[in-house]
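The values are calculated or read from the model by the stated rules, or taken from the named source; none is laboratory data. Please read all numbers here as calculations on a predicted model, not as lab measurements. So basically every Cβ, Gly included, is an ideal-geometry build from the backbone, and we count neighbours across all protein chains shown. Only protein heavy atoms, including side chains, enter the accessible area calculation; ligands, DNA and RNA are left aside. Shrake-Rupley method; radii C 1.70, N 1.55, O 1.52, S 1.80 Å.
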Amino acid sequence: MSRPLHFAIMAAKQAHLTRESTEPMYNPTDVEERWQAFWEQNRTNEPNLNEAADPFYNLMMFPYPSAEGLHVGNLYAFTGADVHGRFQRLRGHDVFQPAGFDAFGIHSENFALKVGVHPMDLIPGNIANFTRQLKRAGIMYDWTHTVDTTDPEYYRWTQWIFLQLYKAGLAEKKEAAVNWCPSCKTVLANEQVISGRCERCDSVVGQKILSQWFFKITEFSQRLLDNLEWIDWSETTRTAQRNWIGRSEGATLRFRLAEESDEAVSVFTTRPDTIFGATFLVLAPENPLVDSFVSGAQRAAVDEYLAATAALDLVERKKADKEKSGVFTGGWAVNPATGENVPVWIADYVLMEYGTGAIMAVPAHDQRDFEFARTYGLPILPVVAPAGSVDEGADPAQVSVAVGDTAFVEHSVDEILINSGSFSGRPASQAGLAIVESLAERGLGDATVNYRLHDWCISRQRYWGPPIPVIYCEECGVVPVPEEDLPVVLPRLEQFKPSDDGIAPLAKSADFYEVECPDCGGAARRETDVSDTFLDSAWYFLRYPSTDFSDRAMDPDMTRRWLPVDTYIGGEEHSVLHLLYSRFITMVLHDLGHVEFEEPYKKFRKHGLLIRNGSKMSKSRGNVVSPDQYIGSHGADTFRAYLMFLGPYTEGGDFRDRGIAGPHRFMQKVWDAVHASLEAEAGGEAEAGGEDGRLDENIERKLHQTIKQITEDFADLCFNTGIAALMEYLNAIRADGRAPRRAEVEPLVIMLAPVAPHLCEELWGLLGGQPSLFDHAVWPEYNASKLVADSVRIPVQVNGKLRGTVEVPRGANADTVREVALEEEGVRRHLEGVEVRKTIHVPDRLLNFVVG
RNA sequence: GCGAAAGUGGCGGAAUCGGUAGACGCGCCAGCCUUAGGAGCUGGUGGCCUUUGGCCGUGGGGGUUCGAGUCCCCCCUUUCGCACCA
């Protein structure tokens, strides 16, 4: 028997056989369908974007609409954001909560290739299915402002953004060694290479020299870093971005060629204090300066090494524990500090993409250089003495320190320089600056800052993306597509499989690429690469409020009213990629005068990961859960409550089938409580439990405590404890077996509404409220004076061990409490025959006798 | 290796300006109701002991304190991110 049918039969039997009252059974499917229809018909989830008095932009990361449909991991993310949005709405904000679909990209394209259906045919069905599921889950989306990145009316403006960057000189085409995934047959951004492998298919990433479009995000490194100081984001996310940007302070030092020559090698170092110990130089194999140094005798050895390195894939090469290898060029350079000649080597542990592609090697004080020097018998010269190792009165210029088994890397104020000319004797942590200044005077160095961040390669030799809006003319060169000619529509190609040669699928379509030059009218060729999916998602939130405007990307009034985003909720996996790119694009648009803010998200919070049976949900593990099954059997409200209750939202949790029973009962009990209250009212017991219409003092206190707790919890996304507080409250009003009163259940219905919107709409209506609850209910306020009772029960300890509790008037002084405590049997027993040396009293919290 | 977070009952998790550890829920136990129960109701539920009482207990070991899950030091484990970044 199917599960839903089984439940339905059980429910019917139960209603028939065990219920004495006439109250209707809670049928989630019925309730939910009715209220979803009501919201849609009455457009309750569509704030008036022009007139909203108190705008609140509640954003969640838009999904990739997969063919499998929404899984509970998606829904977990959306539900948390939705609870927050509904809560903000009940608190009086005009909440704008739009939905969209990130439907371009390799993911869709690969799936389309696999099943042999064109993505243009596939995507609309997927979007329809996602939409159905999201509506069924009761997410409060404004469906009149959706975004689909594959819609020409959207990517027209993605292309427009490219043009703005191009005009501002922030997009440039250059030949570059790029990460190349041999399986996906496309270029990958550095961010998409995980430990040398493709983030999507896990293939080992190779390198290829191609002409690619880059966005100059590195020009914004420092701003992207600085703003992290003040934006209200999860600390872990900010740390991840900081690490990714990877600022290091140091110096660029120049080593001239030993032979008479103007040429010099620049190296970046964070340890200029150790330059007197730089006993050799190392170039990256790809460094163009290599040829300047290679002497005839070494030519063959060098060529052999370069060939061997080129054959290594990135995973092999970047293994930190790999034995260091390299080759001597035969050339020499001059250490700018000592004036001595040092040999110039080539080694693959030096990377071309960081710093200058060359390093000064200080084997005594850098572990990698140390290993290299040991392997090839190069000199190791200590120039930093460990703390306390230099005798007082000794001349630091003459001191020598034994070389250990590893490099000595400490360099605080306690370590001092030795063998460093006039800088000997200075603390290592301070000498670097002085050395750089002295070298700078001779034009041999500068203090510099280096970043790990690279420019963003946005070119993709794939099909399923927005064409990059550029035309190449033999006469005029690179010509941007005029803005009025946008969009450059992606044509429907039946053969769009990528090929090994790095030539994009669109390059096979002459209809697409043969164009007239917009400037001279001559024959020209359209760019056939498409742009990175991350560009689509870098600005979608700017589009939502302006989807009604077809003549501009962002309407200034709408943008001013609704942006920046008030709360952004999304997964941690986007901590560096999407979040950094969207900050960058926003910053550029700010500088160009298109938006007034430079940070797009006022507040960002990551949600945790939903796992199942101890591991991340994935198709390969076979532990993916579809929400449809649970919504069908228990209803969306129960399922939402379960997801929000299973653990702290920001940390995620384990999805277990049995756990849903708790929230299921809770919904049922809330339903019962409201009906019991109404029945009692109808039966004339209207104000049962309180003659004067006031709540019982204990219940009232519990209510105010609950309001305080849940208001704080829902604002902080602590949904599990918020729901627990509501459960406690329900337990309290049910405690003595009488029917709950209207004044007790009404606030419960309002406070539960963000989590269980359909059920609460229904109950709100039954209680006589005007629909929609979200438009007419007022979030309850607590009264601080009603949070505490007149008397408090406080623990009494003897030597820190609990020996009893006593009830005393609130604010009672130490003497009063002590007097009462001494009456307590358990306390007295432990004070017999011992001397009380001291009493610790924390008003309204505790009393502790210190004895013995 | 570096960085970040975390380690609490059978389970998910509460509680950190230091102040009754285990809220809330699952599961389990007992009772009630029922022809029946993956239904409902009531009560119980950290471990141990010589059980009107007491001891132990928040990964392990030290420390500070009248008092430590919470603060400090050392160690172990797990998860995640980065990883030859000069």
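Among A:F215, A:T149, A:P24, pick out the residue whose Cα is farthest towards the positive end of the charge dipole of chain A, where Lys and Arg carry +1 and Asp and Glu carry -1 on C-beta, about the Cα centre. My answer, from the dipole projection, is A:P24. Computed extension length for A:E68-A:D628: 200.4 nm, one decimal, from 0.36 nm per residue of separation with the Cα-Cα distance subtracted.
Listed by chain and number, the lysines placed with their C-alpha closer than 21 angstrom to that of A:K616 are A:K606; residues fewer than eight positions away on the same chain are left out. A Cβ-based charge dipole, computed about the Cα centre of the range A:22-161 with Lys and Arg at +1 and Asp and Glu at -1, lands at about 180 debye. Rolling a 1.4 Å probe across the protein heavy atoms gives the range A:425-497 an accessible surface of 45 Å² per residue. To put it simply, the accessible area of chain A at a 1.4 Å probe is 48 percent carbon and sulfur.
In this simple spin-label approximation, A:S203 and A:D654 carry label points 7 Å from Cα along the Cα→Cβ vector, and these lie 3.8 nm apart. Calculated FRET efficiency, A:A661 to A:N42, Cβ-Cβ distance, R0 = 30 Å: about 0.30 to the nearest 0.05. Bridging of A:K322 to aspartates and glutamates at a Cα separation below 12 Å is possible for A:D348, A:E371, once same-chain residues fewer than 8 apart are set aside.
In terms of distances greater than 28 angstrom between alpha carbons, the cross-link table entries A:K114/A:K208; A:K208/A:K508; A:K208/A:K603 yield A:K208/A:K603. Counting only Cβ charges, +1 for Lys and Arg and -1 for Asp and Glu, the dipole size of the range A:535-673 around its Cα centre is about 700 debye. Annotation: lysines with alpha-carbon distance below 28 angstrom to A:K702 (same-chain offsets under eight excluded): A:K669, A:K786.
Quick one: angle between helix A:757-766 and the longest Cα principal axis of chain A, in degrees between 0 and 90, rounded to 10, please. So the inclination is approximately 20 degrees. Classify the range A:293-442 as rounded, prolate or oblate from the Cα gyration tensor: take a ≥ b ≥ c as the square roots of its eigenvalues, call it rounded if a/c is under 1.5, otherwise prolate when a/b beats b/c and oblate if not. Note, shape of the range A:293-442 comes out prolate. At the listed q of 0.04, 0.10 Å⁻¹, the Debye profile of chain A, built from one uniform point per Cα, gives log10 I(q)/I(0) equal to -0.27, -1.14.
What do you get for the angle between helix A:28-42 and the principal long axis of chain A? Use alpha-carbon atoms, 0 to 90 degrees, nearest ten. Around 70 degrees separate the two axes. Note on the range A:350-397: Cα Rg divided by 2.2 N^0.38 Å, N the number of residues, gives 1.52.
Label-to-label distance for A:K603 and A:N783 is 2.8 nm, based on points extended 7 Å past Cα in the beta-carbon direction. Share of pairwise Cα-Cα distances greater than 18 Å in the range A:737-852 is 63 percent (whole percent). Using 0.36 nm per residue and subtracting the Cα-Cα separation, the extra length available between A:E371 and A:H118 on full extension is 85.7 nm. Once the C-beta distance of A:A434 and A:K322 is scaled by a Förster radius of 41 Å, the resulting FRET efficiency is 0.65 to the nearest 0.05. If you line up the long axis of helix A:719-734 against the longest principal axis of chain A, both from Cα atoms, how many degrees apart are they, to the nearest 10? That works out to roughly 10 degrees.
With only the Cα atoms considered, the range A:182-238 has a convex hull volume of 121 Å³ per residue.
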